[in-house]
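Below: one structure, written as structure tokens.
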Amino acid sequence: MSKPDELLVDVATLVESGHTNQMSLTVVAGGAVITGRLAPESVWRQRVSEVLADSARLSDFSAVFTGATCAEKPPTHLHFHVARILQGTVGIPETGGMYRVAIDDVSAWTLGDFSYSDH
């Protein structure tokens, strides 16, 4: 998007201010369909840091995600957790992952998440 969708920015701002992770959202960004729940950036960063800290090979990267976030500016990114990239009838990864998507890159979106089925 050349100019971020103000309504999407408002949704992201509310997630940030309420520190909730119950807002489900589906977006199209760069041709990929990503569906899952939004999390405040600070919560998302903390979870990524924890996952990296538990990794024998990647623990050195954990500290990168512990930096402070700027709550005074409108959000520039959506922070998904328990999210999947939809490809045909499957979601990748099946258990859900953690994605950061620039709001400027979102070309379409809807509230709620999509499920997939092998049937």
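Overview of results
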item: Test for G91: is it open to solvent by less than 30 Å² (accessible area, probe 1.4 Å), at pLDDT below 95 and not polar (S, T, N, Q); result: yes
item: Checklist (1) part of a loop (DSSP other than H, G, I, E, B); (2) closer than 17 Å to G18 by Cα; (3) open to solvent by less than 60 Å² (accessible area, probe 1.4 Å) applied to K73, failing item; result: (3)
item: Some residue of the range 39-60 being more than 16 Å from the chain's Cα centre (by Cα) and among the β-branched types (V, I, T); result: no
item: Residue selected from the range 98-108 under the condition farther than 11 Å from G36 by Cα and within 13 Å of the chain's Cα centre (by Cα), by the criterion most open to solvent (accessible area, probe 1.4 Å); result: R100
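Quick grid of which residues meet (1) open to solvent by 80 Å² or more (accessible area, probe 1.4 Å); (2) assigned to a helix (DSSP H, G or I); (3) at pLDDT 90 or above; (4) among the hydroxyl-bearing types (S, T, Y):
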{"residue": "Q22", "(1), (2), (3), (4)": "yes, no, no, no"}
{"residue": "R37", "(1), (2), (3), (4)": "no, no, yes, no"}
{"residue": "Q46", "(1), (2), (3), (4)": "yes, yes, yes, no"}
{"residue": "V51", "(1), (2), (3), (4)": "no, yes, yes, no"}
{"residue": "A63", "(1), (2), (3), (4)": "no, yes, yes, no"}
{"residue": "T69", "(1), (2), (3), (4)": "no, no, no, yes"}
{"residue": "R84", "(1), (2), (3), (4)": "no, no, yes, no"}
{"residue": "G96", "(1), (2), (3), (4)": "no, no, no, no"}
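The values are calculated or read from the model by the stated rules, or taken from the named source; none is laboratory data. Here the structure is a predicted model, which means the values were calculated and not measured. The area values use the complete protein model at the heavy-atom level, side chains included, leaving out ligands, DNA and RNA. Shrake-Rupley method; radii C 1.70, N 1.55, O 1.52, S 1.80 Å.
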